[in-house]
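A short write-up of the structure that comes next.
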Amino acid sequence: MGQPVVVELGSGTGAFSRTIQERLDGRGRHIALDINERFTALLTERVAGLDAVTADARDVSTILAERGLGQADAIVGGLPWASFRHERQRELLDAIVEALSPQGAFTTFAYVHARRFVPARRLRRSLADRFEEVVLGRTVWANLPPALVYHCRRPHPRQRDHRTSAVPADRFGARDADAADQHYW
């Protein structure tokens, strides 16, 4: 695997940071972004070898460039997808796709209880639009609240799936996920 570049978005207090560091086992680069300066300061103190940066996740490509890095091999997202409006979700996913290498992987999670809400349904469709492969992992019941894990591989830069555009948008800008989901899941 060489020297992988792993970016963690919405690192918070480091729920995934130590596990990522363990898996890297001293190889590559691990950059953790969070908008909360207190969290990044805490992570800098607690997790050796971690480059914790106070920044918006939409700036991930800029952060990589500032460090002389090209694209990330993997991005792990701990972002609150269900709380984002359509435009914010779109901007974040576009930034993630832009920052990933062509063979890159993006892993993120969403909460089981929110899976039928408009933002969660929109997230599923948006992932399918932007990645060649989207695999729904096991439900993590030990997490509170329980979470679904999405494993996305091989990004399609700035590409939309034509099937989604055929589904009419609702008043929130989301498409009818129940109809659209029949095509994807």
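Which of the trypsin sites (Lys or Arg not before Pro) found in region 73-161 are loop residues per DSSP with 10 or fewer other Cβ atoms within 10 Å of their Cβ?
Arg116, Arg158
Mind checking region 1-81 for trypsin sites (Lys or Arg not before Pro) that DSSP puts in a loop (not H, G, I, E or B) and that have at most 14 other Cβ atoms within 10 Å? Numbers along the way, then the final one.
Details: sites: Arg18, Arg23, Arg27, Arg29, Arg38, Arg46, Arg58, Arg67; in loops: Arg27, Arg67.
Here the trypsin sites (Lys or Arg not before Pro) that fit, given the DSSP loop and packing criteria, are Arg27, Arg67.
Return the whole-Å distance between the Cα centroid of region 93-111 and the Cα centroid of region 12-87.
Distance between centres, Cα-based: 13 Å.
Over the Cα atoms, compute the radius of gyration (one decimal) and Dmax (the largest Cα-Cα distance, rounded to a whole number) for region 61-135, in Å.
Both quantities, over Cα of region 61-135: 12.9, 41 Å.
Normalised by the number of residues in region 23-101, what is the relative contact order in percent for Cα pairs under 8 Å and 6+ residues apart? Don't jump to the answer; show the numbers that get you there.
Values: 75 pairs, mean separation 21.7, N = 79.
Dividing the mean separation by the residue count of region 23-101 yields 27 percent.
Sorted from largest down, what three extents in whole angstroms do the Cα atoms of region 53-101 have along their principal axes?
32, 22, 17
Each value in this text was obtained by applying a stated rule to the coordinates, not by laboratory testing. Because the structure is a prediction, the values reported are computed rather than measured. Positions of Cβ are generated from backbone atoms using ideal geometry, with glycine treated the same way; all protein chains shown enter the neighbour counts.
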